[in-house]
Amino acid sequence: MDNRVMIVDDNEFIRESVEILFQTEGIRIVTAEGGNKCLDHLEAGFRGVLIMDVMMPQLDGWDTIRQIVARGLYDGNIILMLTAKREPDDNMAGIQQYVTDYVTKPFNPFELLDMVKYYATLLNDSEHYHDSP
Amino acid sequence: MIPHNIVIIGVSTGGPIALRRLFADLPPLNAAIIVVLHIPQGMDYRIAKGLDAVSSMPVALAVNGEYLRAGHVYIAPGGYHLMLEGNHRIVMVEGERVNFVQPSVDLAMKSISRPLKGKIVGVVLTGMGKDGAEGIQHIKAIGGITMAQDQDSCAIFGMPKAAAETGVVDFVLSPEKMGKKLASILS
């Protein structure tokens with residue numbers, strides 16, 4: 001897997017758990033304790049699968065996505081939202097097309113790993129499949 | 001040859017994996033299959049290629065003006081609304097977002113007319129919001145068969161719930177069972 005993973009969560013325990021999970025698999029992972037740090041990583045050139053918490057202080061997950069899109073940093077990334085809620089709130093309206101998948105806490109680490117690996121394979125394929133429309 | 005049967009699938013967040021589960025064991029169908037996924041430009045072709053890797057039928061991004069063929073899967077590209085002309089030709093339409101999204105499931109489904117012969121199947125899979133609820137009512141109104149993904153298998157039980165709450169959904173199923181149902185209807 002060439003692509004990297006970023007865990008964006010203000011909860012240190014979650015960040016470290018996910019970091020260990022992916023490092024054990026030999027997958028490169030970076031951590032961000034909030035939306036602003038996530039944006040810093042992206043501005044610095046990170047591209048890969050983002051696992052992002054919704055509820056974070058200062059810049060929450062939805063507003064972080066809005067910033068990612070507004071700054072032109074979305075291309076080459078896949079965003080998975082990590083949340084304690086089974087159903088998303090209305091703040092997701094208008095940006096759902098940028099949220100490829102949704103993981104509910106508590107999550108099964110192996111299911112998360114499989115999901116991220118699958119999405120990473122999609123990112124690894126850089127050849128355009130078809131011109132459209 | 002113009003396909004008489006059409007399957008139209010609307011899906012959003014959680015869609016790539018739900019689609020992979022649906023198509024993994026699905027045999028070739030005697031139908032053209034349209035997938036309207038809420039996805040931005042740049043990601044759409046990646047999703048198409050990922051689905052093509054597991055599907056028994058060829059999967060490609062839909063192209064403006066293209067004629068549908070049975071046994072082919074067409075993914076609506078991001079940034080346009082996809083509509084069908086005469087139930088057999090794909091038309092891409094620019095314009096405002098509908099239900100906060102583009103492509104819109106409702107617009108795509110509502111562009112299908114009552115067929116002279118053949119079957120129309122409308123499917124709503126995982127996703128936030130209610131896009132597809134009006135569309136699935138239209139599919140039912142023109143004599144189609146309707147399906148929605150069940151709550152347990154959904155990443156987000158928003159769109160399928162809204163579709164089911166219209167009261168016109170014939171089957172509420174997991175993606176795997178949906179695949180078997182489609183095969184029994186259209187093989």
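Table: residues versus (1) acidic (Asp, Glu); (2) under 20 Å from A:PHE107 (Cα atoms); (3) surrounded by fewer than 18 Cβ atoms within 10 Å (Cβ to Cβ).
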residue: A:ILE27; (1), (2), (3): no, yes, no
residue: A:LEU39; (1), (2), (3): no, no, no
residue: A:GLY45; (1), (2), (3): no, no, yes
residue: A:VAL54; (1), (2), (3): no, yes, no
residue: A:ILE65; (1), (2), (3): no, no, no
Matching residues, the range B:123-141, being closer than 16 Å to B:MET83 by Cα and assigned to a loop (DSSP other than H, G, I, E, B): B:ASP131, B:GLY132
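Taking the options B:LEU37, B:LEU61, B:LEU82, name whichever one is within 12 Å of the chain's Cα centre (by Cα), within 11 Å of chain A (Cβ to nearest Cβ), modelled with pLDDT of 95 or more and over 29 Å from B:ASP152 (Cβ atoms). Spell out the reasoning first.
Details: B:LEU37 fails: over 29 Å from B:ASP152 (Cβ atoms); B:LEU61 fails: within 12 Å of the chain's Cα centre (by Cα).
Among B:LEU37, B:LEU61, B:LEU82, only B:LEU82 is within 12 Å of the chain's Cα centre (by Cα), within 11 Å of chain A (Cβ to nearest Cβ), modelled with pLDDT of 95 or more and over 29 Å from B:ASP152 (Cβ atoms).
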Which helices (runs of 4 or more DSSP H) does the range A:1-79 wholly contain that include 1 or more residues that are among the β-branched types (Val, Ile, Thr) and within 13 Å of the chain's Cα centre (by Cα)? A:12-24, A:61-70
Tell me, which residue of the range B:158-176 that is aliphatic (A, V, I, L, M) and assigned to a strand (DSSP E or B) is farthest from the other protein chains (Cβ to nearest Cβ)? B:LEU173
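The values are calculated or read from the model by the stated rules, or taken from the named source; none is laboratory data. None of the values given here were measured: they were computed from a predicted structure. FYI the Cβ positions are ideal-geometry reconstructions off the backbone, even for glycines, and counts take in every protein chain you see.
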